[in-house]
Amino acid sequence: MYVIGERINGMFKDVRKAIQECNTEIVQNLAKAQLEAGANALDVNVGPAAADATEAMVWLVQTIRQVTQAPLAIDTTKPEVMEAGLAEAGAGSIINSTTGQEEKLTVFMPMAQKHKAAIIALTIDEKGIPRDAAGRTEIALRIVASAFENGIEDMQRLFIDPVILPVNVAQTVPQQVMDALREVRLLSDPPPKTVLGLSNVSQGTALRSLINRTYLVMAIAAGLDGAILDPMDEELMNAGITAELLLDKQVYCDDYLKAYLSSVKSG
Ligand code: THG
């Protein structure tokens, strides 16, 4: 399971405040704690409130880079903010994200090539987020084709995100996303990777952690390769690691949780 830590996001009050006050300690502690908890990479999102998004992104990336060289997923829809974040983060970064519209793909795919970055692509087009799995898969196919046209032939570098929505307002979506995860694996050989912003599924619900944890296991069973999630939720991490054990992706030993975490931390 490729874990992208979600916590450095201006959507969270503590991070929003840290950005406003240039408090490096809060951001650096969140970076270290997420990696300690088993994150492979860190999402970096300035949030909706940042006055100057480019300036905030550059400050966040520089602040994180003082404590770790872990891959960063630069999370913005704005090309100029993405470009600035990638330039600071260095090679091995992740573009989070493009959508499937031609005008987005022609900007972000070449940007991924230029910065030797991986790229997450959401199955969204000019009509928005498709209602069903087939609509998601159709957009995913266009994204895979665009990646190839732009020289991204290594499918390890392309992540399709079939877009999970809050279960309290979109109750059919979790199943549609699982079907899309299965269909995306059939698009090419080898197939692109898949990723979800897991916490979306529980936004606005009362039992967030339980819903996140249950859906992570279900999505992994449907073929999910990675997720943007809170790695400091230990029960969540343990459920994901156990799901992969039960899918024979890790050799069993009594200490399989510890073994997983130490293998992530040793890179
Ligand atoms: N796909 C991709 N990237 C993404 C998403 C996705 N990035 C952003 C988001 N979705 C994933 N990250 C989060 C981060 C926080 C929350 C949900 C998803 C969240 N935040 C609290 C809330 O809104 O209730 C914030 C409140 C607080 O301060 O605690 O739930 O889908 N590629």
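I'd like the antiparallel share, as a percent to the nearest 5, of DSSP beta bridges with both residues in the range 95-251.
If I count the DSSP bridges inside the range 95-251, around 10 percent turn out antiparallel.
Largest first, the residues 173, 217 sort by 1.4 Å accessible area into 217, 173. GNM on the chain, alpha-carbon springs under 10 angstrom: the most fluctuating residue among 208, 136, 16 is 208. Using a cutoff of 8 angstrom between alpha carbon atoms and counting only pairs six or more residues apart, the relative contact order for the chain works out to 17 percent.
The string of couplings for the range 145-159 from the Karplus curve (6.51, -1.76, 1.60, θ = phi - 60°) is 4, 5, 4, 4, 4, 9, x, 8, 9, 7, 5, 5, 9, 10, 10 Hz, one whole number per residue in order, with x for Gly and Pro. Beta-bridge orientation, the chain: approximately 5 percent antiparallel, per DSSP, counting only bridges with both partners inside. Using θ = phi - 60° in the Karplus curve 6.51 cos²θ - 1.76 cosθ + 1.60, the 3J(HN,Hα) couplings for the range 107-118 round to 8, 7, 5, x, 5, 4, 5, 4, 9, 6, 9, 7 Hz; x is entered for Gly and Pro.
222 nm [θ] for the chain, helices only, -39500 (n - 2.57) per DSSP H run of 4+, per residue, to 500?
It lands at -14500 deg cm²/dmol.
Which of the three applies to the chain, rounded, prolate or oblate, going by the alpha-carbon gyration tensor with a ≥ b ≥ c and a/c under 1.5 meaning rounded? Judged from the Cα gyration tensor, the chain comes out rounded (a/c under 1.5). Net length available on complete extension from residue 253 to residue 69 is 63.2 nm, with 0.36 nm assigned per residue and the Cα-Cα distance removed.
Quick one: longest stretch of the chain between exposed loop GluC sites (Glu not before Pro), exposed meaning at most 16 other C-beta atoms within 10 Å and loop per DSSP? Intermediate values should be presented prior to the final figure.
On the way: sites that count: 126, 153.
Result, exposed sites excluded: 1-125.
Derived scalar couplings between HN and Hα for the range 38-50 equal x, 5, 8, 8, 10, 6, 10, 9, 6, x, x, 8, 4 Hz in order, rounded to whole Hz, by the Karplus curve 6.51 cos²θ - 1.76 cosθ + 1.60 (θ = phi - 60°), x for Gly and Pro. The gain in end-to-end length when the residue 234 to residue 262 segment is fully stretched comes to 8.6 nm, 0.36 nm per residue minus the alpha carbon separation. The label-point distance for residue 206 and residue 49, in a model that sets each label 7 Å from Cα toward Cβ, rounds to 2.7 nm. Under a Gaussian network description of the chain, with springs only between Cα atoms under 10 Å, the residue in 230, 43, 154 that fluctuates furthest is 154. Across the range 66-202, the mean sequence separation of Cα contacts (distance under 8 Å, 6 or more residues apart), normalised by length, yields a relative contact order of 20 percent.
The values are calculated or read from the model by the stated rules, or taken from the named source; none is laboratory data. Remember, predicted model here, so these are calculated numbers, not experimental data. All Cβ positions, glycine included, derive from the backbone under ideal geometry; neighbour counts span all protein chains shown. Side chains are part of the model used for accessible areas, which takes the heavy atoms of the whole protein and leaves out ligands, DNA and RNA. Shrake-Rupley method; radii C 1.70, N 1.55, O 1.52, S 1.80 Å.
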